[in-house]
1. Just subtract the alpha-carbon distance of Ala8 and Glu180 from 0.36 nm times their residue separation and send over the number in nm, one decimal.
2. Have a look at the DSSP beta bridges in the chain and tell me what percent are antiparallel, nearest 5.
3. Using all alpha carbons of region 1-137, what is the percent of pairwise distances in each 10 Å bin, ordered from the shortest bin to the longest?
4. Need the full-extension length gain, Ser248 to Arg158, defined as separation in residues times 0.36 nm minus the C-alpha distance. One decimal, nm.
5. Kindly express, to the nearest 10 degrees and within the range 0 to 90, the angle between helix 7-27's C-alpha long axis and the longest C-alpha principal axis of the chain.
6. Please sort 173-181, 226-234 by packing, taking for each peptide the average over its residues of neighbouring beta carbons within 10 angstrom, highest first.
7. Between [x] 52; [y] 29; [z] 33, which matches percent of Cα pairs over 33 Å apart calculated for the structure shown?
8. Go ahead and set up a Gaussian network model of the chain, Cα springs under 10 Å, then flag whichever of Met39, Met192, Met261 fluctuates most.
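Quick note: the coordinates plus some simple rules give every number you see, no bench work behind them. Please read all numbers here as calculations on a predicted model, not as lab measurements. All Cβ positions, even for glycine, are placed from backbone atoms using ideal geometry, and neighbour counts span all protein chains on display.
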Amino acid sequence: MGAKVSAARRRQIDRTAKQLYYEGVRRGWAIEETVQRIMSELPEVLPLEAWRYAHGWTRGEVAARLDAAYVADNLAPPGVSASTLCKWEHGERRPSSERVDYLCQVYRTRPDRLGFGVDHSPGDTDHLTSIGLVDAWPHASQQSEQDLIHRVQSAHRRINLFGLTRNFYARDELLPLLEEVASSVPVRIYVMDPFCASRKDRYRIEPAEASMEDPERYIREVLRPIGEAVNRVPNGGLQVFTYNFPCSFAIEEIDDVCRVMLYGHGVRGTQGPLLIFSDGPGHRYFSDQVRWLERLARSTPEPEPWRAKGLVVEPLALP
């Protein structure tokens, strides 16, 4: 349990923590660094509260994000109150194991970093491990595709595929599997609009044989089979969206792993390196990109400043 702190000191802690948060934003600190700065300068602050401060969130915002995480898993939102969160943060009560798991989802971190349990991993980790890089391939290959298939088969929470949508997604090796898995795990595919201005900009620097060089052929051979699969999966388990802006990488988010393929000038996307992240700042960076896509794809009128810039993510509409 945290030490008893006066109301005046709590107000001072709140002001100082917010100052450190803003400093972290200005300096580009990683969340973990901001957490460490807060806990170093404010020894009364326990890890769970430090992570909230480091994100710049109120307890009400954390409660809303907890509810959203439950809803994303098709569960009833718990409606945790701000006062309960306060008791958790000050060590007066301990959340259940289930709540700890969802707090970890909200903060994109491990239980021990939130103050629940001990990290038993080795103390010395190299820079690749610290960023969360767990595997890599120099380019797309049979081995990397088998890795994707295995991860799709084992998925139990979510599958999000973002990028230029490789022909592989429409092949017999993967599309029937995506349909099958989508009956129990939500599958979302985000593909560049074949006719948007960004496609023209992107493929001006791609070789002539790039898969989207001919939009009509791309729709016929790739998007239409995927779009037809959407209608075969009940309850919206499989959804396809188009976006109208350029991208420099593809992301395949499967549960808590992000497979990232890098694009380059004058080469096909499948020729770029493929990196796999789990946990750590690398994973958080790319999973946050997917959360951003999800916000843009929502049909609700909630404010989203990127929409004002003309960025559009909408359900696939085949001609």
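1. Working: separation 172, 0.36 × 172 = 61.92 nm, distance 5.73 nm.
Working it through step by step, the gained length comes to 56.2 nm.
2. Counting only bridges with both partners in the chain, antiparallel ones make up about 65 percent.
3. 11, 39, 35, 14, 1, 0
4. Result: 30.1 nm gained on full extension.
5. Relative to the chain, helix 7-27 is tipped by roughly 30 degrees.
6. Output ranking for 173-181, 226-234: 173-181, 226-234.
7. So the calculated entry is the one marked [z].
8. Among Met39, Met192, Met261, the largest mean-square fluctuation in the Gaussian network model of the chain belongs to Met39.
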